[in-house]
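Structure record follows, encoded as structure tokens.
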Amino acid sequence: MSLPKIIYFPVRGRAEVMKLAIVASGNDFELEQINYQDMKEHPELYPFGQCPRLVDGDMDLVQSNAITRYLARKYGMYGKSEKETAAVDVILEGVESLRVKYLNLVYQDQLATKDTYWTTHGDLATTAGRNGGAHLAYFSRLLARNAPTGNGKAFVGSDLTIADLAVYDIVDLHYRIFEQVMKATYPDLLAFHAHVSGLPGIREYLASPRRLAAVNGNNLG
Ligand code: 0HH
């Protein structure tokens, strides 16, 4: 049986959560660098003219969040009940909201709006942060809300889900830009991040050359 193949640019970007899901479940993946021309000329393979794309047996998918959910179902990381699965979806959508803001900060604003970004999406001490729904503080609260079962180590239930890996990635991306303020403001999210970094499969992957150095296409963030 061949390995799941992720076809993408040579950056972590929107493929990172997929890789984390695969290695966390003790499996491996193949990585293929995208051929940009192919991507534009083969709508049957790239229906939106974009990547990442995942090929896994007879499964051939695009749209990162569809791929991520497929992998979560395949590897049993999508909650243990209908209620947990729905809760995982809530977190995934929240991460997507924050990711869109983050991508604007990096690609559109080229980090020039860093300070405003933090007051809007980082530190809820300011009123600006109450607009838009994409905020690190909300993840901090959700982690605390699930603490009776998750113990600060899981956002849904007690076991690792794809929601944890998605939050891990978005926290990781923000930490690269906002290290000092994050240490002061979100020790809980950073403790969660440290926990996930040490999980079997993930620990080895993070230390390996397979963890790409480039996070984004423009070397910012
Ligand atoms: N909704 C889609 C999804 O979630 C969005 C995918 C998307 O934006 O899957 N794909 C982008 C690539 S992600 C795309 O295909 C951004 C990474 C950029 C890295 C560039 C690195 C170059 C380094 C050599 N964009 C192409 C396009 O839209 O034409």
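Rule-based calculations on the coordinates, nothing more; no lab input. From a predicted model like this one, the values you see are computed outputs, not experimental measurements. Note that we place each Cβ from the backbone using ideal geometry, even for glycine, and neighbour counts take in every protein chain shown.
Mind giving me the FRET efficiency for D159 and L103? R0 is 35 Å, r the Cβ-Cβ distance, nearest 0.05 is fine.
Calculated value: 0.75.
Compute the length gained on full extension between A207 and L45: take 0.36 nm times their separation in residues and subtract their Cα-Cα distance, giving the result in nm to one decimal.
Length difference between fully extended and current span is 55.1 nm.
Number of Lys pairs in segment 82-198 with C-alpha atoms less than 21 angstrom apart, excluding same-chain neighbours closer than eight positions?
5
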